[in-house]
Amino acid sequence: MQITTVVWILVAVVFSLLVVLFQNYYKTKRRGKLIVLLSFLRFLGIFGILLLLINPKITKTTYDLEKANLVVLIDNSASIKNSKSISSVHKIVESFTNDKELKDRFKVTPYSFGTELNAVSDSLSFNEKNTNIGAALQSIEEIYRNNNTAILLVSDGNQTLGQDYEFFGTTSKKTIYPVVIGDTTSYEDLKITQVNKNNYAFLKNKYPLEVYVSYSGDKAVAKVFTISENGKNVYRENLTFSKNENSKVVTTNIDAKTIGIKKITTTIGSLPNEKNIVNNTKTVAIEVIDEKTNIAIISAIEHPDLGALKKAIESNEQRSVTILKPTATNNDWQNIDLFIFYQPTENFKNVFGYAAKSNRNSLIISGLQTDWNFLNKVQNTYVFENGYPVQELIPVLNASFSKFDVSEFSINDFPPLRSNVSPLFPKSLNQTILKTKIRGVSIETPLLSVNEGKNNKQAFLFGEDIWKWRMQTYRNEKDFKTFDDFIGKLVLYLSSNKPKNRFILDYKQIYLGSNEAVIRASVFDETFEFDTNASVTLKIQNKEKTIRKTVPMLLNQLNYIADLSDLPSGDYNFIATVTGINSSKSGTFTILDYDVEQQFSSSNYKKLNSLAKNTNGALFFTANLEGLKQQLLSKEEYKPVQKSKENIVSLVEFKFLLGFILLAFAAEWFLRKYNGLT
């Protein structure tokens, strides 16, 4: 408490005492115990009022010991189990999470990772199907962004997913100490590292394959490389390797002779004493189809949106996009299945007429150069007005949209689109996919909607700069997949003229490993609203008829899901049935026998060492855990820091003191009245 405050309190005591003496003893002969009691009560009341005005404060200082963080980051992938290193990992985790000296110096927190980062609450399973070291390190960086943190990375260094972690240290501010798990011995090994191919091929064409084969060893070897399609050899080549010539790229074109799914197996012969022969074979799949969806983007202007739409739509090889001027001839439009009209004006009159006459479906994208009067003439879904200012429209996903699944489309941090669209006056029934916000306020005008007419379908996007959405998807997820899949679903919906179906299945015909195997279904009632009370059952049987399984499909937002990750690899038939509406669908799918975690024969300690050097850390092996412990304890930057915190608090509680003052004056008043005093 400050000296000034103490002085003011003493002044208040003296002043209160003088007031009481003046009122009760000056020019009066009353004396006795009653007057003393009344004087004391009045003194308390006056002093309390003055104390409220002074409001004295005191400073309270608390001291905390802030420890540095030690994050134990544990590789929980199947490669640890495959290398028979589970006991080593448990030993390391036990040593560093329960060591008293380390716990006195650090706040120790264990995490596990495979595809994603997870807090360690139960025992480690070592069943994760992929390893993403880079994503785990990035997550730790974000969680402990402003904290003094050391990272203990317990891993074999073999990454199967995500961005390369080796150069993570160039941007990281955390020191990383990798502990190498597994066998560090280098063995002779031939393996197929990568197969590049398209997802689809077209009947009577050739589809390209590009296969990367690598060799680890010192001797000169020669082995046969083969490619088979559904078990039949279609390509063969002799490959030679040496210490200096340790990789080959095989490129070839395979004839697509029949329609259907083709399992492509690439194989390189094994060495006499090769430890890991699982990685000598890699199987992929393609689908041979006999048709392609042709889409035309009609635009009179150049804009980045055109390229973004073309890239997104053609991410599926079943679709081909052509960008045309509105002045193109009817011959250019004859083979078009879907028209995308970009910022239409009066110049689009002929192509709009052709699309309407031939009952072609369309997507209309408006922007700052759209002619709204022309648009009023060529469509019967909305009425537009002219003269509205340019505004920024923020997308809001309509989770109740049911024409196709939009649950996986994320619009987090999406930038607004620019538009001068007027308030909309619907002329027919439509469904909203994306709602609109302007300056944080939700409005009734949709940003993206669809309309089903008698003869065709139309969709409307009221804003330009959709290319920014594709770029934001990449910023959020490091790829364009979510945006491209959303545009693909919209295009698939618009390019189909099939009658409405109350039961829709969504599944892949080829799954690369069982962990990807998921089948989705949508069920609609008689009014074609999504039915949340449906009962959907999936009956599955492999082609050998040795596996029979009945799986109930579970409700998940606006679809029903069956997780088939427990199925072994193979070819399967299935029938999905909806109880109550007498509707069923059948199909086939293939789960490929592929475990990426079995592709490694030894630990990648060299890459882990590069990571350690880039972060000013050090690499350690399981035999030198004591050395790692001593290095952590000896680092000056990890010493606990004592921090003080000052809290300024009032000496008295306002409500309590006010009540005390009222009580003192009330007691004095009562005693005076009771004794007949004034």
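The values are calculated or read from the model by the stated rules, or taken from the named source; none is laboratory data. These figures come from a predicted structure and were not determined experimentally. We place every Cβ from the backbone using ideal geometry, glycine too, and count neighbours over all the protein chains shown.
Annotations for the structure displayed:
- The one condition from (1) part of a helix (DSSP H, G or I); (2) crowded, with 18+ Cβ neighbours inside 10 Å that residue 474 does not meet is (2).
- Taken together, the residues in segment 280-311 that are more than 30 Å from residue 205 (Cα to Cα) and either assigned by TED's automatic domain parsing to the domain that holds residue 216 or touching a Leu at 6+ places or on another chain (Cβ under 9 Å) (or both) amount to 1.
- Members of segment 379-394 that are surrounded by 19 or more Cβ atoms within 10 Å (Cβ to Cβ) and either without any contact (Cβ under 8 Å) to a residue 60 or more places away in the chain or among the β-branched types (Val, Ile, Thr) (or both): 381, 384, 394
- Only one entry of 495, 514 meets the criterion of being farther than 26 Å from residue 429 by Cα, touching a residue at least 60 places away in the same chain (Cβ under 8 Å), touching a Leu at 6+ places or on another chain (Cβ under 8 Å) and of a type in the set (S, T, N, Q), and that entry is 514.
- Of all the residues in segment 437-471, those that are of a type in the set (Phe, Trp, Tyr) and in a strand (DSSP E or B) number 2.
- Remark: pairs (first residue in segment 11-26, closer than 17 Å to residue 677 by Cα and without any contact (Cβ under 8 Å) to a residue 60 or more places away in the chain; second residue among the β-branched types (Val, Ile, Thr) and in a helix (DSSP H, G or I); Cβ separation under 6 Å; 6+ apart in sequence or on different chains) = 24/35.
- Checking each residue in segment 526-570 for being of a type in the set (A, V, I, L, M) and surrounded by fewer than 14 Cβ atoms within 10 Å (Cβ to Cβ) picks out 547, 554.
- Test: residue 89 is more than 27 Å from residue 636 (Cα to Cα) and assigned to a helix (DSSP H, G or I): yes
- The set of residues in segment 49-64 being hydrophobic (A, V, I, L, M, F, W, C) and either assigned by TED's automatic domain parsing to the domain that holds residue 155 or not in a strand (DSSP E or B) (or both) consists of 49, 50, 51, 52, 53, 54.
- For segment 397-453, the candidate set comprises residues that are under 23 Å from residue 556 (Cβ atoms) and basic (Lys, Arg); within that set, the residue that is modelled with the lowest pLDDT is 403.
- Test result for residue 321, farther than 23 Å from residue 432 by Cα and surrounded by 15 or more Cβ atoms within 10 Å (Cβ to Cβ): yes
- Look at (1) surrounded by fewer than 17 Cβ atoms within 10 Å (Cβ to Cβ); (2) in contact with a Ser or Thr (Cβ under 8 Å, 6 or more places away or on another chain) and you find that residue 204 fails only one, number (2).
- Matching entry among 201, 220 (being farther than 12 Å from residue 262 by Cβ, in contact with a Lys or Arg (Cβ under 9 Å, 6 or more places away or on another chain) and among the hydrophobic types (A, V, I, L, M, F, W, C)): 220
- Residue 73 meets each of the listed conditions (1) under 30 Å from residue 514 (Cα atoms); (2) surrounded by fewer than 20 Cβ atoms within 10 Å (Cβ to Cβ) apart from (2).
- Residue within segment 492-514 that is touching a helix residue (DSSP H, G or I) at 6+ places or on another chain (Cβ under 8 Å), assigned to a helix (DSSP H, G or I), among the hydrophobic types (A, V, I, L, M, F, W, C) and modelled with pLDDT of 85 or more present: no
- Screening the candidates 32, 45 for the property of being crowded, with 16+ Cβ neighbours inside 10 Å and either charged (D, E, K, R) or farther than 29 Å from residue 646 by Cβ (or both) yields one hit, 45.
- The listed residues are 109, 59, and the only one of them that is of a type in the set (Ser, Thr, Tyr), surrounded by fewer than 14 Cβ atoms within 10 Å (Cβ to Cβ) and touching a residue at least 40 places away in the same chain (Cβ under 8 Å) turns out to be 59.
- Scan of segment 215-241 for residues that are over 22 Å from residue 264 (Cα atoms) and either free of Cβ contacts under 8 Å to residues at least 24 places away in the same chain or of a type outside the set (Ser, Thr, Tyr) (or both), ordered by number: 217, 218, 219, 220, 221, 222, 240, 241
- When segment 635-656 is filtered for residues that are at pLDDT 75 or above, surrounded by 10 or more Cβ atoms within 10 Å (Cβ to Cβ) and part of a helix (DSSP H, G or I), only 638 remains.
- Among (1) under 45 Å from the mean Cα position of the chain (by Cα); (2) not in a loop (DSSP other than H, G, I, E, B) - the single one residue 21 does not satisfy: (1)
- Failed item in (1) more than 30 Å from the chain's Cα centre (by Cα); (2) modelled with pLDDT of 90 or more; (3) surrounded by 13 or more Cβ atoms within 10 Å (Cβ to Cβ); (4) more than 30 Å from residue 512 (Cα to Cα), with residue 626 passing the rest: (3)
- Residues within segment 294-315 that are crowded, with 18+ Cβ neighbours inside 10 Å and not in a helix (DSSP H, G or I), tallied: 6
- Sole residue being surrounded by fewer than 20 Cβ atoms within 10 Å (Cβ to Cβ) and touching an Asp or Glu at 6+ places or on another chain (Cβ under 8 Å), chosen from 604, 582, 616: 604
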